[in-house]
Amino acid sequence: MIPFVKAHACGNDFLILEEAVAARQHAALARKLCSRNTSIGADGIEFLERRPNGEFFLRLFNADGSEAELSGNGTRCVAAWLASSEGRDQVVFGTHGGPRSCRVVEDADPLYLVESEMGVPRVMERTIEIPEIGQVAGAMVNVGNPHFVIFVESEDFSSHGLSWQELGGHISVSSLFPHGTNVEFVKVLSGGEIAFRIFERGCGPTTSSGTGTCASSAAAMALRGVDRELKAVAEGGAQRTVWLSSEEVMRLTGPAEIICHGEVFGL
């Protein structure tokens, strides 16, 4: 039996497992345990490693078994769990996308509001060519993992004659991105607010994404001149980003809620 925790951030749900139980079966565990019809169900698993020097390291595996650099929402969920289980109100995690620090702003266990430092975004305007679709203008954004951001005007976030889910699926696996990419469709609502939809690499359409929120916000700030403090609204709810200048770390604030913990049969 494998002990697990399940948590979500704006509907973007994760399992949290101790690294010690992985037994080098991270991908297989992710594929099995994240299945929504035959197991617990989640968008991915955060494996929490407790190192001898007291540091924490997170490895994120998507529902399809692929490993990603990090998840902003997943990191926040682990921070919420450590606040709930160990009383930690501030924690730093190592990730393959760089270190991420989290600070609990509000504690209403099992619901937490957490501020995370998300690194310095890199934004590059780019038009790509997708076979049978044509040229797609957008921005490549790196926030520790890769994103392609497309600005849209349509109410349903469609673009190039396709739904955002269809176009996102094409772009996410395009050969232009050898390791795949997350795709966001962003609509500027005002100087202080954007709305967006997310097609997540290794997962598909999802209700929220912490790094997707940061990528969408960074692109809107850098290329559309919106405010440097922004409300970013996805299907799962709103988060707040602050990026005071292009050389500074972006801060992301949003909720994380512990759903349950228990045991599940392993492989």
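Principal axis extents of the C-alpha atoms in the chain (largest first, rounded to whole Å): 49, 37, 30.
Annotation: lysines with alpha-carbon distance below 16 angstrom to Lys231 (same-chain offsets under eight excluded): Lys187. For the chain, the solvent-accessible area of protein heavy atoms averages 43 Å² per residue (probe radius 1.4 Å; ligands and nucleic acids excluded).
When DSSP beta bridges are restricted to pairs lying wholly in the chain, around 85% turn out antiparallel. Peptides 180-191, 142-153 ranked from most to least packed give 142-153, 180-191, packing being the mean of other C-beta atoms within 10 angstrom over each peptide's residues. Bridgeable aspartates and glutamates around Lys32 (alpha carbons under 12 Å apart, same-chain partners fewer than 8 residues away excluded): Asp43, Asp64. Ranked by the mean number of other Cβ atoms within 10 Å of their residues, highest first, the peptides 124-136, 156-168 come out as 156-168, 124-136.
With the cut-off at under 20 Å, measuring from each backbone N in region 204-243 to a point 7 Å along the Cα-to-Cβ line of Thr38 picks out 204. Over all distinct alpha-carbon pairs, what is the Kirkwood Rh of region 115-221 in angstrom? So the Kirkwood estimate lands at 13.7 Å. Taking the average, over residues, of other Cβ atoms within 10 Å as the packing measure, peptides 21-28, 40-47, 192-199 rank 40-47, 192-199, 21-28 from highest down.
The fraction of accessible area contributed by carbon and sulfur in the chain is 48 percent, rounded to a whole number (1.4 Å probe; ligands and nucleic acids excluded).
The values are calculated or read from the model by the stated rules, or taken from the named source; none is laboratory data. Since we're looking at a predicted model, the values are computed, not measured. Virtual Cβ from ideal backbone geometry, glycine too; neighbours counted across all protein chains shown. In case anyone asks, the SASA skips ligands and DNA or RNA and just uses the protein heavy atoms, side chains included. Shrake-Rupley method; radii C 1.70, N 1.55, O 1.52, S 1.80 Å.
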